Structure formats: structure tokens, C-alpha cells
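Novice: My structure is below; once you've seen it, I'll send some questions.
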Amino acid sequence: MVELEREKTYLLKELPKDLAGCKVEIIRDAFVPSSAEHPILRVRQRGHRYEITKKVPVSGTDFSRQEEHTIRLTQLEFEALAAGDAKRFAKRRYHCVVDGRKAEVDIYFEALEGLAIIDFEFHNDEEMEAFTMPAICLADITQEKVFAGGVLAGKS
């Protein structure tokens, strides 16, 4: 499956007030190959769902618009790929609403304990361009490569 993802990412200043009432899932990601400065191939476990995804910016280094290629995997396929040469992290993803808009709050644990970011996805460019950063956010990190999954993986 290929889709165009339009997304803005922010570092959180504070957690949403109703976070405890949001749907939550544990996500474990492994990015390959570990030797790459910014691996863009990700294998993901999301509960009992497994997939491999390749995300590529549509235009140069603009991380707000990416082509996302995803293939479902079996647990056995995931485990084989994730066990290899990979950089990893784990996070709790909360699906909630912030300022009337659906959001994904990622709170990292294990090596990245304490990092909390929020993503907002958009249906079109106009909607994304008109979006204003919510008050609970500290900074727009959409274009900050250091927060890209493949770069962040393996850090502490």
C-alpha cells in the first residue's frame, strides 16, 4: 500500500489533560540498516500487527510530506527482520483529540525514556499550511532530522 502522508510533529511542553482516557498502544520499531545515518526502512510491531514501511520525502528534505510504502508482515517475518542489523526504540502511542483535531501522542520508554512528541496528520496541503501549533507544544520539530524515526532509533 502506498499513501501520501502529510504530517506535522511537535515536541510537547505538557501532556494533553485527557491522556488517560485515550486509546493507547505499545509500538516497537526497528530501522534497517543500522549502519545508515538515517535508515528509512522500518519494521513495526503494534500489538499483534506487524508491518514493514519505507518512508521517503516527496520533495528533497521536506519531512512534512512523505510517500509511505507499507506491507503487512506475519509475526515470524517481523521477528526475523527485527532481529537483524537494526536500530530500535519503543513508545506508547495515545490516540487523542487536541484542540478539536485528532492527534497521536508518542511517549517513549526504555532508552528514550521521557521524550514526548505529538503528530497531526492532514488531508491536504492547505489544511496543513493553515494549522497553528497548539499551546501544549513547545516547538515544531517536523523538519528537524534528529527527530526522524530512523535517526532517533538507537539513541538514548
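Novice: Criterion first (over 19 Å from Lys13 (Cβ atoms), crowded, with 19+ Cβ neighbours inside 10 Å and of a type in the set (A, V, I, L, M, F, W, C)) does Ala130 satisfy it?
Specialist: no
Novice: Looking at Lys87, is it open to solvent by 20 Å² or more (accessible area, probe 1.4 Å) and touching a His at 6+ places or on another chain (Cβ under 9 Å)?
Specialist: Here the answer is no, as Lys87 does not meet what is asked.
Novice: So Phe31 clears everything in (1) part of a strand (DSSP E or B); (2) within 30 Å of Glu126 (Cβ to Cβ) except one condition, right? Which one?
Specialist: Here Phe31 meets the rest and fails (2).
Novice: Output yes when any residue across the stretch 49-63 is in contact with a helix residue (DSSP H, G or I) (Cβ under 7 Å, 6 or more places away or on another chain) and surrounded by 13 or more Cβ atoms within 10 Å (Cβ to Cβ), and no when none is.
Specialist: The initial filter retains those residues of the stretch 49-63 that are in contact with a helix residue (DSSP H, G or I) (Cβ under 7 Å, 6 or more places away or on another chain), namely 50, 52.
So of that shortlist, the ones also surrounded by 13 or more Cβ atoms within 10 Å (Cβ to Cβ) come out as 50, 52.
Checking the stretch 49-63: at least one residue is in contact with a helix residue (DSSP H, G or I) (Cβ under 7 Å, 6 or more places away or on another chain) and surrounded by 13 or more Cβ atoms within 10 Å (Cβ to Cβ).
Novice: Only one of these is open to solvent by 60 Å² or more (accessible area, probe 1.4 Å) and more than 17 Å from Cys137 (Cβ to Cβ): Gln75, Gln45, Gln66. Name it.
Specialist: Values: Gln45 fails: open to solvent by 60 Å² or more (accessible area, probe 1.4 Å); Gln66 fails: open to solvent by 60 Å² or more (accessible area, probe 1.4 Å).
Within the list Gln75, Gln45, Gln66, the selection yields Gln75.
Novice: What are the residues in the stretch 70-124 that are out of contact with any strand residue (DSSP E or B) (no Cβ under 8 Å at 6 or more places or on another chain) and over 25 Å from Glu3 (Cβ atoms), if any? First the steps, then the outcome.
Specialist: Step one: list which residues in the stretch 70-124 are out of contact with any strand residue (DSSP E or B) (no Cβ under 8 Å at 6 or more places or on another chain), which gives 76, 79-80, 83, 99-100, 113.
Within the stretch 70-124, Leu76, Glu79, Ala80, Ala83, Glu113 meet the criteria.
Novice: Test each condition in (1) within 19 Å of Thr61 (Cα to Cα); (2) open to solvent by 30 Å² or more (accessible area, probe 1.4 Å); (3) touching a strand residue (DSSP E or B) at 6+ places or on another chain (Cβ under 9 Å); (4) of a type in the set (A, V, I, L, M) for Leu152 and report the one that comes out false.
Specialist: If we test Leu152 against (1) within 19 Å of Thr61 (Cα to Cα); (2) open to solvent by 30 Å² or more (accessible area, probe 1.4 Å); (3) touching a strand residue (DSSP E or B) at 6+ places or on another chain (Cβ under 9 Å); (4) of a type in the set (A, V, I, L, M), just (2) comes out false.
Novice: Further question: Working carefully through the options His48, His38, find the one that is touching a residue at least 24 places away in the same chain (Cβ under 8 Å), under 30 Å from Glu79 (Cβ atoms) and touching a Gly at 6+ places or on another chain (Cβ under 7 Å).
Specialist: On the way: His48 fails: touching a Gly at 6+ places or on another chain (Cβ under 7 Å).
When all the criteria are applied, what remains is His38.
Novice: Take the stretch 1-24 and flag every residue that is part of a strand (DSSP E or B) and surrounded by 13 or more Cβ atoms within 10 Å (Cβ to Cβ).
Specialist: Those that are part of a strand (DSSP E or B) and surrounded by 13 or more Cβ atoms within 10 Å (Cβ to Cβ): Glu5, Arg6, Glu7, Lys8, Thr9, Tyr10, Leu11, Leu12, Val24.
Novice: Evaluate the following for Thr61: is it within 27 Å of Met128 (Cβ to Cβ), among the β-branched types (Val, Ile, Thr), touching a residue at least 24 places away in the same chain (Cβ under 8 Å) and in a loop (DSSP other than H, G, I, E, B)? Explain how you work it out, then say what you get.
Specialist: Values: within 27 Å of Met128 (Cβ to Cβ): yes; among the β-branched types (Val, Ile, Thr): yes; touching a residue at least 24 places away in the same chain (Cβ under 8 Å): yes; in a loop (DSSP other than H, G, I, E, B): yes.
Answer is yes for this residue.
Novice: Also: Of everything in the stretch 90-110, what is on the phi > 0 side of the Ramachandran plot and surrounded by 13 or more Cβ atoms within 10 Å (Cβ to Cβ)? Give them in sequence order.
Specialist: Asp99
The values are calculated or read from the model by the stated rules, or taken from the named source; none is laboratory data. Not measured: the values here are computed from a predicted model. Please note: Cβ atoms are built from the backbone with ideal geometry, for glycine as well, and neighbour counts cover all protein chains shown. Ligands, DNA and RNA are stripped out before the accessible areas are found, and what is left, the full protein with its side chains, is counted by its heavy atoms. Shrake-Rupley method; radii C 1.70, N 1.55, O 1.52, S 1.80 Å.
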